[in-house]
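Worksheet for the structure shown next.
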Amino acid sequence: MASRSIATSDSPAGLTQVVRTREALRAAVADAQRPVGVVPTMGWLHDGHRALMREALERDATIVVTIFVNPRQFTVADDYTKYPRNEARDVAIAEAEGVDIVFAPDASEIYPPGFDTVVAVGAVARPLEGAARPGHFDGVATVVAILFDLVRADHAYFGQKDAQQVMVIRQMARDLAIPIEVIACPTVREHDGLALSSRNVHLTRAERTAAPVLHRALLAARSRWEAGERSADALRETMSDVLAREPLAAVEYVSVADGASLTELDRVDAGALLSLAVRFGATRLIDNEILAPEPAP
Ligand code: AMP
């Protein structure tokens, strides 16, 4: 790995190049030291995003962070308009983490007039988030395909918090023969278990207090599984029961699915994905846990 100066938040490296056009991005990465890592984000960066950057720093000589609130992956126009944005703060965070290049394009740069292509992933994009937010993964796969083509990175870093998104991107990269390794990073949480998310900023104080119920529901189901329960319905019921005790939580789905195909299970074995989507007022939160294999005795 190439040597690099490690920046801390107290002493930002100040070497981050901010580019806004496809041409400028291609030029910036053309001469970059390899391997190159890309961290796609929608900005309003938090410690979950920082963890992805730090993972990239472990492997890659050049780190590219993309900041783009992608209109095509929002299924509610209002959600897109209200999505939190603060580019100056985001660039400062990226700089403090030692990121080399920030790509922060306008929507018209990614989708110029006449843009008329959709990258639509099949089965793995259909259930769960795909069913709850029709068109969402078309938007995600389309923009990530464009970003992968522009950056030509060796590694791409995504959060396990969006577990289905990782699967959709992997399927897309494999099918389109994009030579990139997709690396999934563990979910970063607040002390009370709430998964960090840019959307958490929209929670009222009462909703914020209630929101850790997602993680509690997942942990309750996991504990039951670890205690020997193998019925998927029993685990769904456990999650639903925990969520039902929180009056502010409006449940969209609870799922116990196969970790590879995302089909709903009857019997639960290691590798299954527990996931849920819950609304608190206007804010929709998701979270998940993978059931790891039991440690050998
Ligand atoms: P977003 O900006 O929300 O689109 O997220 C950009 C990337 O950061 C995605 O790969 C997310 O899965 C990841 N991410 C978001 N929240 C977290 C978190 N709490 N822990 C780890 N990764 C996260």
Inset, instruction - State all residues of the range 108-118 that are buried (at least 16 other Cβ atoms within 10 Å of the Cβ) and in a helix (DSSP H, G or I); if no residue qualifies, say none. - result: GLU109, ILE110
Inset, instruction - Check off (1) within 13 Å of the ligand (Cβ to nearest atom); (2) farther than 30 Å from ALA61 by Cβ for LEU128 and give me the number that stays unchecked. - result: (1)
Inset, instruction - Could you check, for the range 75-88, whether at least one of its residues is in contact with a Phe, Trp or Tyr (Cβ under 9 Å, 6 or more places away or on another chain) and of a type in the set (A, V, I, L, M, F, W, C)? - result: no
Legend entry - Tally of residues being out of contact with any Ser or Thr (no Cβ under 9 Å at 6 or more places or on another chain), outside any helix (DSSP H, G or I) and surrounded by fewer than 18 Cβ atoms within 10 Å (Cβ to Cβ) across the range 119-142: 2
Legend entry - Subset of the range 179-198 [closer than 20 Å to MET53 by Cβ, within 13 Å of the ligand (Cβ to nearest atom) and of a type outside the set (Asp, Glu)]: VAL182, ILE183, ALA184, CYS185, PRO186, THR187, VAL188, ARG189, ALA195, LEU196, SER197, SER198
Legend entry - Qualifying position, being buried (at least 17 other Cβ atoms within 10 Å of the Cβ) and not in a helix (DSSP H, G or I), among ILE178, ILE169: ILE178
Inset, instruction - Collect the residues in the range 51-107 that are of a type in the set (D, E, K, R) and either open to solvent by less than 20 Å² (accessible area, probe 1.4 Å) or over 26 Å from HIS136 (Cα atoms) (or both), keeping them in residue-number order. - result: ARG54, GLU55, GLU58, ARG59, ASP60, ARG89, ASP90, GLU95, GLU97, ASP100
Legend entry - Conditions (1) of a type in the set (Val, Ile, Thr); (2) touching a residue at least 40 places away in the same chain (Cβ under 8 Å); (3) within 13 Å of the ligand (Cβ to nearest atom); number of the one not met by THR142: (3)
Legend entry - the range 42-80, subset under 21 Å from ASN200 (Cβ atoms) and charged (D, E, K, R), residue farthest from the ligand (Cβ to nearest atom): ASP78
Legend entry - For GLU23: the one exception among (1) within 16 Å of the ligand (Cβ to nearest atom); (2) free of Cβ contacts under 8 Å to residues at least 40 places away in the same chain; (3) surrounded by fewer than 23 Cβ atoms within 10 Å (Cβ to Cβ): (1)
Inset, instruction - Collect the residues in the range 242-274 that are free of Cβ contacts under 8 Å to residues at least 24 places away in the same chain and among the acidic types (Asp, Glu), keeping them in residue-number order. - result: ASP258
Inset, instruction - Tell me, yes or no, whether the range 100-107 has at least one residue that is more than 19 Å from HIS49 (Cα to Cα) and either β-branched (Val, Ile, Thr) or free of Cβ contacts under 8 Å to residues at least 60 places away in the same chain (or both). - result: yes
Inset, instruction - Enumerate the helices (runs of 4 or more DSSP H) found wholly within the range 181-283, keeping only those where 2 or more residues are modelled with pLDDT of 95 or more and surrounded by 21 or more Cβ atoms within 10 Å (Cβ to Cβ). - result: 213-226, 232-244
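The values are calculated or read from the model by the stated rules, or taken from the named source; none is laboratory data. Only a predicted model underlies this, so the values are computations on that prediction, with no experimental measurement involved. Note that each Cβ is placed from the backbone with ideal geometry, even for glycine, and that neighbours are counted across all protein chains shown. The protein model used for the area step is the full one, side chains on, heavy atoms only, and it has no ligands, DNA or RNA in it. Shrake-Rupley method; radii C 1.70, N 1.55, O 1.52, S 1.80 Å.
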